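Heads up: the structure comes next, in structure tokens.
The values are calculated or read from the model by the stated rules, or taken from the named source; none is laboratory data. Keep in mind the model is a prediction, meaning the values are calculated, not measured. Note that each Cβ is placed from the backbone with ideal geometry, even for glycine, and that neighbours are counted across all protein chains shown.
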Amino acid sequence: MFTLKIHEYQAKGLLQQYGVLVPKGVIAESQSEALKKAGELGDGSCVVKAQIHAGGRGKGGGVKVCRTRDEMQSAVDEILGMNLVTVQTGPEGQLVKKVLIEQASKIECELYLGLVIDRQKEIPVMMASAEGGMAIEEVAATNPEAIFFENIDPNVGLQPFQARRLATRLNLPNDTIGAFSKFATSLTDAFLTEDCSLAEINPLVLTDQNQLIALDAKINFDDNALYRHPATRELRDLDEENAMEVRASEHELSYISMDGNIGCMVNGAGLAMATMDIIKIHGGEPANFLDVGGGATAQRVAEALRIILSDRNVHAILINIFGGIVRCDLIAEGITEAVQDSDIPVPLIVRLEGNMVEQGKKILADSKLNLITADSLDDAARKAVNVVTKEATK
Amino acid sequence: MSILVTSESRVLVQGFTGGQGTFHSKQCMEYGTQIVGGVTPGRGGTEHLGQPVFNTVTEACIQTQANVSITFVPAPFAADSIIEAAEAGIQLIICIAEGIPTLDMARAKAAVRAHGSRLIGPNCPGIITPAVDDGRGCKIGIMPGFIHHGGNIGVVSRSGTLTYEAVSQLTARSLGQSTCVGIGGDPIVGSSFTDILQLFQEDNDTHAVVMVGEIGGSAEEEAAQYIAAEMTKPVAAFIAGRTAPPGKRMGHAGAIVSGGKGTATAKVKALEKAGVAVADSPARIGKTLQSLLPS
């Protein structure tokens, strides 16, 4: 399972289809492509923007304002291929493969406009603020009364009076209320039609031409709705995602890598989180979250083991399965089959509980495989931590 | 007694004749649940597992007087099946499906509210009221019946197998359950912790409650407020995900710490402040609940 994020240029392209105004721009993957396409933008100032998913690009040096063609060329040169480190990328940074070059806008004021699903209200909510350019979390923390909200009925969309109310609260001049209403309505239409989980325009700028333009755009999509948006699925950029998490999602395994050395394979997301927690309680560090799902067949177990083992930091694997409807003896057969077929270079600790657990344990014991069996959650976590501690002191 | 469901509940199965519907309907019937019919569009007029099949919920309600429905309809069509049940006048709707689009759920939730129904789930194991003594139990869901035992502990949880873990710890200590409710792991769910805690508080046969929460959202914090203000029965809790990294969805669509919100630490703190005994380990959920009971 993944959260589909897209690049700024893709978000702007999508929003344009809904009538949102964006700066005129071109996308380039090379210096020559940039030069060829820049002609379309005219001779005025432009902005070169690194296209990576992470935020904080400006502070990391991934956004440059250029007054001349020469400046643009050197900006493109500098940004394309750079390893951009921002507050969101982590210290390893992200390789920039594309730049967006846009006409610069003459800005009168900067606003914030966003849509999210409010979990408490259980509907989408539009947020607007005159503090554009700042992270909305920061505004919420320091100046919460500067954020205005409108509840969106998902069957109706943003109603005209709601848009006018926001425009007035933002202190926009009277002659821009119409343009703001159109912008906010278009953004809401896009959010609802495309099944977004987040749509954020920061900043939304009022230009000296009295136009409202999306200077930046960030859109995330609801994974669960992607089946009905084939075009959106095409926007996915695998370079931006953790390779192992991608591979796991292809096998319908839910996997998230972490920094520890005890790999985990668990059935059920809640129990998987709890297993990570109990490893920590016993003084260990989990290497991953992995939900193998309900049917822990030999094939799924084998694929999960491969994914866990591709993390070189893993020194032991804890398998924790609660057989509900699924029978532990079948799961035990799946585990033994998968382990026999693959070469597992680290100790395996197996804890089975639930339906037909005695038969399951017997199968594990009779298999003569080098498995460490555990009788409870505590026992399993303790054994896993002991094993990696022993390895470390060898 | 119990909450929400008893052996008298008349249950309709939506998506009755499909693989999941068939498998779990059989298990529920074996447990004692009164399944009075099912709905599969295009199969109306036939019989399945000895019960009548209908094309629509409205028709099924008229013919069977069902008052509870469980839907096994796959995620892309699940919200529609919830709205259909609510509109037909079903009072309690249980939705198992994982992966329903969030906006579909926002719409379904509004419809459920408008029709005065109650929804449990989605992305949940369902509800079970285990049998007491020689009586019949009622299982409306996909949980394994055999780990449960009739008694006086209410269980409410956002998760599946972790709930089974908690229940089996209770049963191992001879602490039977009045009713166990899985409210589901999605960002928008039909019933909240607070909704279910309220029912347990009002139920004479529930003496104490186990609540199993996880990271993401603020349902546990809201429950803590309710517990502090209204609840007189002892509550034990466990919150999963103390080690979960921020910004990552931990399997469940709703299990994510974002913008510093929804952390396990904040939830544990809120619950402890409300007088809840929070187990620090998932292995000690049963023990923590037992420590709250008079010995």
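Annotations
- B:THR163 being farther than 25 Å from B:ARG107 by Cα, facing another protein chain (nearest Cβ under 8 Å) and in a helix (DSSP H, G or I): yes
- The selection criterion, being under 21 Å from the mean Cα position of the chain (by Cα) and either surrounded by fewer than 23 Cβ atoms within 10 Å (Cβ to Cβ) or closer than 24 Å to B:PHE23 by Cβ (or both), does not hold for A:GLY323.
- Residue that is farthest from the other protein chains (Cβ to nearest Cβ) [pool: residues in the range A:160-172 that are assigned to a loop (DSSP other than H, G, I, E, B) and surrounded by 16 or more Cβ atoms within 10 Å (Cβ to Cβ)]: A:LEU172
- Hey, B:GLU230 buried (at least 16 other Cβ atoms within 10 Å of the Cβ), in contact with a helix residue (DSSP H, G or I) (Cβ under 8 Å, 6 or more places away or on another chain), within 28 Å of B:THR206 (Cα to Cα) and of a type in the set (Asp, Glu) or not: no
- Residue within the range B:149-158 that is within 11 Å of chain A (Cβ to nearest Cβ) and either in contact with a Pro (Cβ under 6 Å, 6 or more places away or on another chain) or aliphatic (A, V, I, L, M) (or both) present: no
- Residue match in the range B:6-23 (condition: among the basic types (Lys, Arg) and within 14 Å of another protein chain (Cβ to nearest Cβ)): no
- Applying the set (1) within 12 Å of another protein chain (Cβ to nearest Cβ); (2) under 18 Å from the mean Cα position of the chain (by Cα) to A:ALA217 leaves exactly one unmet item: (1).
- Scanning the range A:111-146 for residues that are part of a strand (DSSP E or B) and either of a type in the set (S, T, N, Q) or touching a helix residue (DSSP H, G or I) at 6+ places or on another chain (Cβ under 7 Å) (or both) yields A:TYR112, A:LEU113, A:GLY114, A:LEU115, A:ILE117, A:ILE123, A:PRO124, A:MET126, A:MET127, A:ALA128, A:SER129.
- If only residues of the range A:346-363 that are of a type in the set (A, V, I, L, M) and within 14 Å of chain B (Cβ to nearest Cβ) are counted, the one that is farthest from A:ALA274 (Cα to Cα) is A:MET356.
- Of all residues in the range B:119-134, exactly one satisfies the criterion of being more than 16 Å from B:GLU30 (Cα to Cα), buried (at least 24 other Cβ atoms within 10 Å of the Cβ) and either without any contact (Cβ under 8 Å) to a residue 60 or more places away in the chain or in contact with a Pro (Cβ under 9 Å, 6 or more places away or on another chain) (or both), namely B:PRO125.
- In the set (1) surrounded by 24 or more Cβ atoms within 10 Å (Cβ to Cβ); (2) more than 14 Å from chain B (Cβ to nearest Cβ); (3) without any contact (Cβ under 8 Å) to a residue 12 or more places away in the chain, the condition left unmet by A:ALA184 is number (3).
- Every pair of residues 6+ apart whose Cβ atoms lie under 8 Å, when the first sits in the range A:37-57 and is under 11 Å from A:LEU84 (Cα atoms) while the second is in a helix (DSSP H, G or I) and modelled with pLDDT of 90 or more: A:ALA50/A:ILE79; A:GLN51/A:GLU8; A:GLN51/A:TYR9
- Of the residues making up the range A:51-77, just one is among the β-branched types (Val, Ile, Thr), more than 18 Å from A:LEU215 (Cα to Cα) and touching a strand residue (DSSP E or B) at 6+ places or on another chain (Cβ under 7 Å), namely A:VAL76.
- Scanning the range A:6-29 finds no residues that are more than 20 Å from A:LYS106 (Cβ to Cβ) and modelled with pLDDT under 95.
- Exactly one residue out of A:ASP366, A:ASP311, A:ASP343 is farther than 22 Å from B:ALA166 by Cβ, away from chain B (no Cβ under 14 Å) and surrounded by 16 or more Cβ atoms within 10 Å (Cβ to Cβ), and it is A:ASP311.
- Residue satisfying all of: in the range B:55-77; part of a loop (DSSP other than H, G, I, E, B) and in contact (Cβ under 8 Å) with a residue 40 or more places away in the chain; surrounded by the fewest Cβ atoms within 10 Å (Cβ to Cβ) among these: B:GLN65
- Scanning the range A:34-74 for residues that are over 18 Å from A:GLU8 (Cα atoms) and touching a Cys at 6+ places or on another chain (Cβ under 7 Å) returns A:SER45, A:CYS66, A:MET72.
- Any hit, the range A:190-205, residues being touching a residue at least 60 places away in the same chain (Cβ under 8 Å) and part of a loop (DSSP other than H, G, I, E, B): yes
- Restricting the range A:236-258 to residues that are assigned to a strand (DSSP E or B) and among the small types (Gly, Ala, Ser), the residue that is nearest to the other protein chains (Cβ to nearest Cβ): A:SER254
- Note on the range A:113-151: among residues that are in contact with a Pro (Cβ under 8 Å, 6 or more places away or on another chain) and facing another protein chain (nearest Cβ under 9 Å), the one that is modelled with the lowest pLDDT is A:ARG119.
- All of B:VAL112, B:VAL73, B:VAL39, B:VAL5 fail the test of being of a type in the set (Val, Ile, Thr) and more than 18 Å from the chain's Cα centre (by Cα), apart from B:VAL39.
- Test result for A:GLU150, part of a strand (DSSP E or B) and either out of contact with any Cys (no Cβ under 8 Å at 6 or more places or on another chain) or not hydrophobic (A, V, I, L, M, F, W, C) (or both): yes
- When residues of the range B:184-214 are limited to those that are away from chain A (no Cβ under 13 Å) and assigned to a loop (DSSP other than H, G, I, E, B), the one surrounded by the fewest Cβ atoms within 10 Å (Cβ to Cβ): B:ASN204
Rundown of residues vs (1) charged (D, E, K, R); (2) more than 14 Å from chain A (Cβ to nearest Cβ); (3) in a loop (DSSP other than H, G, I, E, B); (4) surrounded by 24 or more Cβ atoms within 10 Å (Cβ to Cβ), yes/no style:
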position: B:ILE94; (1), (2), (3), (4): no, yes, no, yes
position: B:MET105; (1), (2), (3), (4): no, no, no, yes
position: B:ARG136; (1), (2), (3), (4): yes, yes, yes, no
position: B:SER168; (1), (2), (3), (4): no, no, no, no
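- Any hit, the range B:234-249, residues being buried (at least 24 other Cβ atoms within 10 Å of the Cβ) and in contact with a Cys (Cβ under 9 Å, 6 or more places away or on another chain): no
- Filter result (free of Cβ contacts under 8 Å to residues at least 60 places away in the same chain, surrounded by fewer than 18 Cβ atoms within 10 Å (Cβ to Cβ) and either more than 9 Å from chain B (Cβ to nearest Cβ) or of a type in the set (A, V, I, L, M, F, W, C) (or both)) within the range A:273-292: none
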